[in-house]
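Data first, discussion second: the structure below is written as structure tokens.
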Amino acid sequence: MMPRRVSLQGLHVTSTRRAFLAMPALITAKANAQQPFPTRPIRLMVGSASAGSLDFVGRLIANGMADILGQPVVVENRGGAQGALAIEPVLRAAPDGHTLVINNMGALLVNSLVQNTPLEQQPLEILEPIALVADVLTVLVTSKDRPWLSLSDLLAAARGNPGGLSWGHPGVGASPWLAALLLSQMAGIRTVGVPYRGGGPAMVDLLAGRLDFMFATTPTCFPHIQTGALRALAVPLLSRMPHLPDVPTLAEGGVSGFEVRSWFGVMTTKGTPRGVIESLNTAIKQTLAQPAAIAQLDGQGIAPLYTTPEEFSRIGKADREKWRPIAQLANRAT
């Protein structure tokens, strides 16, 4: 039987010859599919400006992953829009694991619960979780030039001047924002929150006297506490922080039951193959297990917090329900 002839754009090619001509393309496609991940540099979007705690952790993770995966991991700071600017490139990227985002709990969890925020969709639903990477704590601090020597002093000043004291935060939903809003609710004070593109820029204004106080993440505030430029008033934990044993908890200052903890997580584009997710997760796990990385994090008051993608998803959903009432409080205030 003669091979069937088909027309391709005016050219007559037999089906046998067409199959033969297609073989190189099929071989190339198969070879590309079998190429080990990653095949090119990885982009890591950091949802804050430089010099903040998220930037510190992001660069530590990027350096470790680059060594393990054998490709550069390029950090891109995209602060602003409450973390949405860092998430947007990941949503548009090909689902191949070469574009990642590291962001705080607020950007990845809480923002979508708050009205009038740039990101209305829940990142836990529209991105692929890779791993939680850090347990991040905050400290209530004020400038050394402010007169308040204790939490009680600060609360008395706020009650005596409703709406007169200001505080900075790196975005709606971030742990400093959650802590300040919770303090306002539990202590019965009214203050003014000022958003920034990250903890670093907010700290600049606090040190310059343009803010009265703030809850600052430990990498952002520790160096300034050590030099005496900042005064630590309280920690938002149920027990004292080992790194600041002389600083009382908010409960000791009269606000009982106050605790705010947060995390940083790494995610990628929805639909990324499971094998790629596992490679990224393993690289993060190995990075966080390195003694040098542990020491660097501990020096900033940060604890490594490695999880599997499934654990990330489970913790995220539980924390979303935990902070939903605070988000509703913010909604009522707007």
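The values are calculated or read from the model by the stated rules, or taken from the named source; none is laboratory data. Everything numeric in this text was worked out from a predicted model, so none of it was measured. No Cβ is skipped: glycine too gets one built from the backbone with ideal geometry, and neighbour counts run over all protein chains shown. Accessible surface areas use protein heavy atoms only, side chains included; no ligands, DNA or RNA. Shrake-Rupley method; radii C 1.70, N 1.55, O 1.52, S 1.80 Å.
Couple of notes before you dig in:
- Boolean, V133 is crowded, with 23+ Cβ neighbours inside 10 Å and on the phi < 0 side of the Ramachandran plot: yes
- Output for region 97-107, where each listed residue is closer than 29 Å to L178 by Cβ, open to solvent by less than 10 Å² (accessible area, probe 1.4 Å) and not aliphatic (A, V, I, L, M): N103, G106
- The C-beta contact set for region 186-198 (first residue of a type in the set (V, I, T), second residue open to solvent by 80 Å² or more (accessible area, probe 1.4 Å), distance under 9 angstrom, 6+ apart or interchain) comprises I189/R159; V194/R210.
- Where R240 falls short, out of the listed (1) open to solvent by 60 Å² or more (accessible area, probe 1.4 Å); (2) under 20 Å from I102 (Cα atoms); (3) in contact with a Pro (Cβ under 9 Å, 6 or more places away or on another chain): (2)
- Residue in region 80-96 that is touching a helix residue (DSSP H, G or I) at 6+ places or on another chain (Cβ under 8 Å), buried (at least 24 other Cβ atoms within 10 Å of the Cβ), within 17 Å of P219 (Cβ to Cβ) and among the small types (G, A, S) present: no
- Filter result for L233 (in a strand (DSSP E or B) and closer than 24 Å to L211 by Cα): yes
- Among residues of region 262-280, those that are in a loop (DSSP other than H, G, I, E, B) and under 18 Å from the mean Cα position of the chain (by Cα), counted: 1
- Condition met for L113 (closer than 25 Å to K322 by Cβ, at pLDDT below 95 and open to solvent by 10 Å² or more (accessible area, probe 1.4 Å)): yes
- Single residue of A295, A283 found to be over 30 Å from G163 (Cα atoms), open to solvent by less than 20 Å² (accessible area, probe 1.4 Å) and not in a loop (DSSP other than H, G, I, E, B): A283
Per-residue answers, yes or no, for (1) modelled with pLDDT under 80; (2) of a type in the set (D, E, K, R); (3) more than 30 Å from M214 (Cα to Cα):
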{"position": "R4", "(1), (2), (3)": "yes, yes, yes"}
{"position": "G10", "(1), (2), (3)": "yes, no, yes"}
{"position": "T14", "(1), (2), (3)": "yes, no, yes"}
{"position": "K30", "(1), (2), (3)": "yes, yes, yes"}
{"position": "G47", "(1), (2), (3)": "no, no, no"}
{"position": "G52", "(1), (2), (3)": "no, no, no"}
{"position": "A66", "(1), (2), (3)": "no, no, yes"}
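- Every condition in (1) touching a helix residue (DSSP H, G or I) at 6+ places or on another chain (Cβ under 9 Å); (2) at pLDDT 95 or above; (3) aliphatic (A, V, I, L, M) is met by A208 except one, and the failing one is (1).
- F37 fulfils the conditions (1) assigned to a helix (DSSP H, G or I); (2) modelled with pLDDT of 50 or more except for a single criterion, (1).
- Take the conditions (1) over 30 Å from H98 (Cβ atoms); (2) touching a residue at least 12 places away in the same chain (Cβ under 8 Å); (3) within 25 Å of the chain's Cα centre (by Cα); (4) not in a loop (DSSP other than H, G, I, E, B); E259 misses just one of them, which is (4).
- The residues of region 47-72 that are farther than 13 Å from F264 by Cα, of a type in the set (A, V, I, L, M, F, W, C) and open to solvent by less than 20 Å² (accessible area, probe 1.4 Å), listed by number, are A62, M65.
Condition check ((1) over 29 Å from I61 (Cβ atoms); (2) crowded, with 21+ Cβ neighbours inside 10 Å) across all residues:
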residue: Q122; (1), (2): no, no
residue: S143; (1), (2): yes, no
residue: P147; (1), (2): yes, no
residue: D153; (1), (2): yes, no
residue: A180; (1), (2): no, yes
residue: G188; (1), (2): yes, no
residue: V192; (1), (2): yes, no
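- Residues of region 116-159 satisfying the condition of being of a type in the set (S, T, Y) and modelled with pLDDT under 90: T117
- The sole residue among A202, A232, A216 that is of a type in the set (G, A, S), surrounded by fewer than 24 Cβ atoms within 10 Å (Cβ to Cβ) and closer than 22 Å to A157 by Cα is A232.
- Considering region 298-334, and only residues there that are of a type in the set (G, A, S) and surrounded by fewer than 18 Cβ atoms within 10 Å (Cβ to Cβ), the residue that is farthest from the chain's Cα centre (by Cα) turns out to be A333.
- Every residue from region 141-195 that is closer than 24 Å to Q328 by Cβ and part of a strand (DSSP E or B): S166, W167, G168, H169, V192, G193, V194, P195
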